[in-house]
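Beneath this line is the structure, given in structure tokens, with notes to follow.
The values are calculated or read from the model by the stated rules, or taken from the named source; none is laboratory data. Keep in mind that what you see is a predicted model, and the values were worked out from it rather than measured. Neighbour counts are summed over all protein chains in view; Cβ atoms, including those assigned to glycine, are modelled from backbone coordinates with ideal geometry.
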Amino acid sequence: MLTRYSSDSRGRAVRAALVYTKNEHGINKAHIDPEAIRIIHHLRYHGFDGYIVGGAVRDLVIGKTPKDFDIVTNAEPTKIKRLFRNSRIIGKRFRLVHIFFGPKIFEVSTFRSLADGTIGNSFGTIDEDVQRRDFTMNALYYDPIKEQVVDYVGGIKDLKKRVLQPVIPLKTIFKDDPVRMLRAIKYAVSTGCRIPFGLHRALKKSAPLLQPISPSRLTEEIIKILNSGRSRGIVAEALKYDLYMYLQPGAASLIDENRAFAEAYAKSLEELDAMAAGDEETRLGRKLVALVRDLVNLITDWKGNPSEEYNRVYNECRRFVMPMNPPRIELEYAVRLCLKEGGLNLRMPRNREKRNEEQFVAQEAEAKLPSPGSSGRPSRRRRRRRGSPPISASN
């Protein structure tokens, strides 16, 4: 094991991080997307640092193959954009770069500073960036060229002990960003890590902080749960910590009041997890079935007029999944499929938009992006015709 040092305020060398070598961390480089390694090679060639970071490193350490590879560097977004022609800067406040390789998107961020706390957007160093990470298991930096894991906060030891430990102090971690509570239970369930008493208490106490979170962010988190392959366990933990009432208040209320509904709801989530385990490519509407099927079974008049029942049940389901706001065509698909399974003769809608859940989650960010092939700068004013008067604000 190696040690990385930095300097304190007096210029003295202090131990900053442990560096785990290939034989110690056990990461199989074959499980890393070669395009992610290519990006880091290109950054290094031009004199910048580059690491795979976050959930991808966590999964690699515990022997799972990651689905996504996030990259962090000391290069600022404009410089990253110049290095990669196949990239676009996204976001207005929290600027990131998306690098495209065919259908694959790699998110590249710049080290963040602590100057504005744990949610500011000023750029900093890796020593500061690590303190911005939520939990120690997500604060590991992997260098695929040297095949080393840089660990500033004891994340490797916590993973081996199977315990979820926060990096940010408990008094501020959820106040700064309440969505971190949902991430905490997702990480605990997906890695089999226990939640220690202090974090347990903070989760219970902080649950109401989710109430003002925007529907778009909550929708994104629900979709991540549906995609996780561990939705039943995550929902069970969310109910335990009183978090699910802010994600799906209608379902949480029925689960609390109706034991039969609670058991059916858990079974629907189990079926969804089985689909995810089978690596099936499934549209979002099919996954939404797990959220609405048991309500549909509860409220449908199976002897009624199919068209009238569909309209009534759809409206009830739209209210039921709030504050989640999925694309209309996907919720329509889910409701029609549930009704058809129950015996009503309904035609399934065609997937005209071909919109999957990843596109939907990214829609807000995409709305801020320049069109493909543009420079990202505001468009120039249209050249006026010779002899025509200039365009003014009063015109």
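Name the residue, out of 357, 330, 341, that is under 27 Å from the mean Cα position of the chain (by Cα), modelled with pLDDT of 90 or more, among the acidic types (Asp, Glu) and within 22 Å of residue 271 (Cβ to Cβ). Step through it out loud before you land on a result.
Details: 357 fails: modelled with pLDDT of 90 or more; 341 fails: under 27 Å from the mean Cα position of the chain (by Cα).
Matching residue, one of 357, 330, 341: 330.
Which of the residues spanning region 331-349 are touching a helix residue (DSSP H, G or I) at 6+ places or on another chain (Cβ under 6 Å) and part of a loop (DSSP other than H, G, I, E, B)?
Correct list: 344, 345, 346, 348, 349.
Within region 73-83, is even one residue closer than 27 Å to residue 187 by Cβ, free of Cβ contacts under 8 Å to residues at least 12 places away in the same chain and buried (at least 18 other Cβ atoms within 10 Å of the Cβ)? Before the answer, list the steps.
Step one: filter region 73-83 for residues closer than 27 Å to residue 187 by Cβ, giving 73-74.
Okay, now just the ones that are also free of Cβ contacts under 8 Å to residues at least 12 places away in the same chain, so none.
No, region 73-83 contains no residue that is closer than 27 Å to residue 187 by Cβ, free of Cβ contacts under 8 Å to residues at least 12 places away in the same chain and buried (at least 18 other Cβ atoms within 10 Å of the Cβ).
Evaluate region 268-287: report whether one residue or more is crowded, with 20+ Cβ neighbours inside 10 Å, within 23 Å of residue 219 (Cβ to Cβ) and in contact with a Cys (Cβ under 7 Å, 6 or more places away or on another chain).
Within region 268-287, not a single residue is crowded, with 20+ Cβ neighbours inside 10 Å, within 23 Å of residue 219 (Cβ to Cβ) and in contact with a Cys (Cβ under 7 Å, 6 or more places away or on another chain).
With the condition being without any contact (Cβ under 8 Å) to a residue 40 or more places away in the chain, I'd like the strands (runs of 3 or more DSSP E) fully within region 91-190 carrying at least 2 qualifying residues.
Details: elements: 96-101, 104-110, 140-143, 148-151.
Counting at least 2 such residues, we get 96-101, 104-110.
Residue by residue, here is whether (1) modelled with pLDDT under 95; (2) closer than 26 Å to residue 16 by Cα; (3) in contact with a strand residue (DSSP E or B) (Cβ under 8 Å, 6 or more places away or on another chain) holds:
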| position | (1), (2), (3) |
| --- | --- |
| 155 | no, yes, yes |
| 160 | yes, yes, no |
| 164 | no, yes, yes |
| 182 | no, no, no |
| 187 | no, yes, yes |
| 190 | yes, no, no |
| 193 | no, yes, yes |
| 196 | no, yes, yes |
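Residue 102 versus (1) closer than 30 Å to residue 229 by Cα; (2) at pLDDT 95 or above: which is the lone unmet condition?
(2)
With respect to residue 228, is the statement that it is among the polar types (S, T, N, Q), surrounded by fewer than 19 Cβ atoms within 10 Å (Cβ to Cβ), within 20 Å of residue 321 (Cβ to Cβ) and touching a helix residue (DSSP H, G or I) at 6+ places or on another chain (Cβ under 8 Å) true? I'd like the intermediate steps shown before the answer.
Numbers: among the polar types (S, T, N, Q): yes; surrounded by fewer than 19 Cβ atoms within 10 Å (Cβ to Cβ): yes; within 20 Å of residue 321 (Cβ to Cβ): yes; touching a helix residue (DSSP H, G or I) at 6+ places or on another chain (Cβ under 8 Å): yes.
So residue 228 fits the description; yes.
For region 14-28, which residues satisfy the criterion of being surrounded by fewer than 12 Cβ atoms within 10 Å (Cβ to Cβ) and within 16 Å of residue 3 (Cα to Cα)? Full working, then the answer.
Of region 14-28, the ones surrounded by fewer than 12 Cβ atoms within 10 Å (Cβ to Cβ) are 14-15, 23, 28.
Within region 14-28, 14, 15, 23 meet the criteria.
Taking region 74-90 as the region of interest, how many residues are in a loop (DSSP other than H, G, I, E, B) and touching a strand residue (DSSP E or B) at 6+ places or on another chain (Cβ under 6 Å)? Steps first, please.
At the first step, the residues of region 74-90 found to be in a loop (DSSP other than H, G, I, E, B) are 74-76, 84-86.
From the residues that got through so far, the ones that are touching a strand residue (DSSP E or B) at 6+ places or on another chain (Cβ under 6 Å) too are 76, 84, 86.
Residues flagged as in a loop (DSSP other than H, G, I, E, B) and touching a strand residue (DSSP E or B) at 6+ places or on another chain (Cβ under 6 Å) within region 74-90 amount to 3.
Kindly indicate whether residue 52 is within 19 Å of residue 4 (Cβ to Cβ), under 19 Å from the mean Cα position of the chain (by Cα) and not in a helix (DSSP H, G or I). Full working, then the answer.
Numbers: within 19 Å of residue 4 (Cβ to Cβ): yes; under 19 Å from the mean Cα position of the chain (by Cα): yes; not in a helix (DSSP H, G or I): yes.
Taking the combined requirement at face value, the residue satisfies it.
Would you check if there is a residue in region 48-64 being within 19 Å of residue 111 (Cβ to Cβ), at pLDDT 95 or above and exposed (fewer than 13 other Cβ atoms within 10 Å of the Cβ)?
Checked against the condition, which is being within 19 Å of residue 111 (Cβ to Cβ), at pLDDT 95 or above and exposed (fewer than 13 other Cβ atoms within 10 Å of the Cβ), region 48-64 yields no hits at all.
If we only count helices (runs of 4 or more DSSP H) wholly inside region 252-330, which ones have 3 or more residues that are under 19 Å from residue 215 (Cα atoms) and free of Cβ contacts under 8 Å to residues at least 40 places away in the same chain? Write out each step before concluding.
Working: elements: 259-277, 284-299, 306-320.
Of the helices (runs of 4 or more DSSP H) lying wholly inside region 252-330, those with at least 3 residues that are under 19 Å from residue 215 (Cα atoms) and free of Cβ contacts under 8 Å to residues at least 40 places away in the same chain span 306-320.
Going by the structure shown, is residue 135 of a type in the set (A, V, I, L, M, F, W, C), closer than 23 Å to residue 153 by Cβ and surrounded by fewer than 23 Cβ atoms within 10 Å (Cβ to Cβ)?
Details: of a type in the set (A, V, I, L, M, F, W, C): yes; closer than 23 Å to residue 153 by Cβ: yes; surrounded by fewer than 23 Cβ atoms within 10 Å (Cβ to Cβ): no.
Judged against the criteria, residue 135 is not a match.
For region 169-188, how many residues are of a type in the set (Val, Ile, Thr) and surrounded by fewer than 21 Cβ atoms within 10 Å (Cβ to Cβ)?
Looking only at region 169-188, we keep the residues that are of a type in the set (Val, Ile, Thr), and these are 172-173, 179, 185.
From what's left, surrounded by fewer than 21 Cβ atoms within 10 Å (Cβ to Cβ): 172, 179.
Count: 2.
Show the residue pairs that are 6+ apart or on different chains and have beta-carbon atoms under 6 Å apart, the first residue being within region 212-227 and closer than 13 Å to residue 288 by Cα, the second being crowded, with 21+ Cβ neighbours inside 10 Å and among the basic types (Lys, Arg).
Once the first residue is closer than 13 Å to residue 288 by Cα and sits in region 212-227, its partners that are crowded, with 21+ Cβ neighbours inside 10 Å and among the basic types (Lys, Arg) give 226/287.
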